[in-house]
1. Which helices (runs of 4 or more DSSP H) does segment A:35-119 wholly contain that include 2 or more residues that are touching a Cys at 6+ places or on another chain (Cβ under 8 Å)?
2. Looking at segment B:12-21, is at least one residue free of Cβ contacts under 8 Å to residues at least 60 places away in the same chain and either away from DNA strand C (no atom under 16 Å from the Cβ) or not in a helix (DSSP H, G or I) (or both)?
3. Kindly indicate which of A:ARG31, A:ARG37, A:ARG85 is surrounded by 15 or more Cβ atoms within 10 Å (Cβ to Cβ) and within 13 Å of DNA strand D (Cβ to nearest atom).
4. Check off (1) farther than 25 Å from A:ARG52 by Cβ; (2) among the polar types (S, T, N, Q); (3) in a loop (DSSP other than H, G, I, E, B) for B:SER129 and give me the number that stays unchecked.
5. Can we say B:ALA78 is away from DNA strand D (no atom under 16 Å from the Cβ) and buried (at least 18 other Cβ atoms within 10 Å of the Cβ)?
6. Specify which of the listed residues (A:ARG52, A:ARG48) is within 16 Å of B:GLU127 (Cα to Cα), at the interface with another protein chain (Cβ under 10 Å from one of its Cβ atoms), more than 11 Å from DNA strand D (Cβ to nearest atom) and in contact (Cβ under 8 Å) with a residue 24 or more places away in the chain.
7. Which numbered condition in (1) part of a loop (DSSP other than H, G, I, E, B); (2) in the same structural domain as A:ASN2 (by TED's automatic domain parsing); (3) without any contact (Cβ under 8 Å) to a residue 12 or more places away in the chain is the only one that A:ILE26 fails?
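The values are calculated or read from the model by the stated rules, or taken from the named source; none is laboratory data. Small disclaimer: the values here were computed from a predicted structure and weren't measured. Cβ placement follows ideal geometry from the backbone for every residue including glycine, while neighbour counts extend to all protein chains displayed.
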2 protein chains.
Amino acid sequence: MNIGEASKASGISAKMIRYYESTGLITAASRSASGYRHYTEDDLNMLRFIRRGRDLGFSMAHIGELLNLWRDQQRASADVKRIARQHIDDLNQRIRNLQEMVATLSQLAQACHGDNRPNCPIIEALEHS
Amino acid sequence: MNIGEASKASGISAKMIRYYESTGLITAASRSASGYRHYTEDDLNMLRFIRRGRDLGFSMAHIGELLNLWRDQQRASADVKRIARQHIDDLNQRIRNLQEMVATLSQLAQACHGDNRPNCPIIEALEHS
DNA sequence: TATTGACCTTACCATCATGGGAAGGTCAAG
DNA sequence: CTTGACCTTCCCATGATGGTAAGGTCAATA
């Protein structure tokens, strides 16, 4: 199938499929006589694998590692688990950061009258915290 | 004071101070005869205002709006509150997304033996979910 | 058969906020 | 007068994605 169909079937834009190829994340697709990329069912499975990894927030670098492990029938599941755990830790750190921001901002917003007057604890907090 | 001192005092890199100037977020600093940027205490307060906004996760666009409101003595606190609330909603949405990823990944990681064998529910989930 | 419209190709530019580095000018202390 | 710390502008890179432009291909239809 051509790249458009592969894009629809995998949920990855044609643009990104070409980009993944250019960065070496995926091997170059075979080409028709006229230069059109051609994708097999196996290629499609790989693209879906990538999309699911992205949906779980893995970076391209991590997805590259996971793809290698996927292809390696002799892999140790410990290696996969290590990458996943590392990613979970990273996600949790980001969540904590965001939650701290929300906590601070919520307090300030609650204390703000939100009317026509200029006095505002949010602005004050930004002025000197 | 010069840009290096302003950078240390505000916690914003000299690089970013120049960038903020180039994008119009802040007005161009005055210059010495030899072209060095010069910063007053007022400038410093503005830079600190920006850094605190960044610490709270506001985008540059939002910080621009907040700066305008800060300078506007006739501002309505409702405008500030609206921006803050909007940002809180955005942060909460991002938190929910990340939490969903963590939930899925944690389940998978827990089910993964993490040993020398290749069988791995994480890889399986990426294969076909 | 000629045209049309949907598809494909590459190549370049933009995002957002930030850092790195090069090439060169300025300043103050020794 | 030299040295080292600072400053200037300019260009490039990031990560993952989208946009657009200029041009080639393909299949169906008039």
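1. On the way: elements: A:41-55, A:60-71, A:77-111.
Answer list for segment A:35-119: A:77-111.
2. The initial filter retains those residues of segment B:12-21 that are free of Cβ contacts under 8 Å to residues at least 60 places away in the same chain, namely B:12-21.
Still in the running and either away from DNA strand C (no atom under 16 Å from the Cβ) or not in a helix (DSSP H, G or I) (or both): B:12-13.
Checking segment B:12-21: at least one residue is free of Cβ contacts under 8 Å to residues at least 60 places away in the same chain and either away from DNA strand C (no atom under 16 Å from the Cβ) or not in a helix (DSSP H, G or I) (or both).
3. Details: A:ARG31 fails: surrounded by 15 or more Cβ atoms within 10 Å (Cβ to Cβ); A:ARG85 fails: within 13 Å of DNA strand D (Cβ to nearest atom).
None of the other options fit; the residue is A:ARG37.
4. (1)
5. On the way: away from DNA strand D (no atom under 16 Å from the Cβ): yes; buried (at least 18 other Cβ atoms within 10 Å of the Cβ): no.
Here the answer is no, as B:ALA78 does not meet what is asked.
6. On the way: A:ARG52 fails: in contact (Cβ under 8 Å) with a residue 24 or more places away in the chain.
Going through A:ARG52, A:ARG48 in turn, just one is within 16 Å of B:GLU127 (Cα to Cα), at the interface with another protein chain (Cβ under 10 Å from one of its Cβ atoms), more than 11 Å from DNA strand D (Cβ to nearest atom) and in contact (Cβ under 8 Å) with a residue 24 or more places away in the chain: A:ARG48.
7. Against the list (1) part of a loop (DSSP other than H, G, I, E, B); (2) in the same structural domain as A:ASN2 (by TED's automatic domain parsing); (3) without any contact (Cβ under 8 Å) to a residue 12 or more places away in the chain, A:ILE26 comes up short only on (3).
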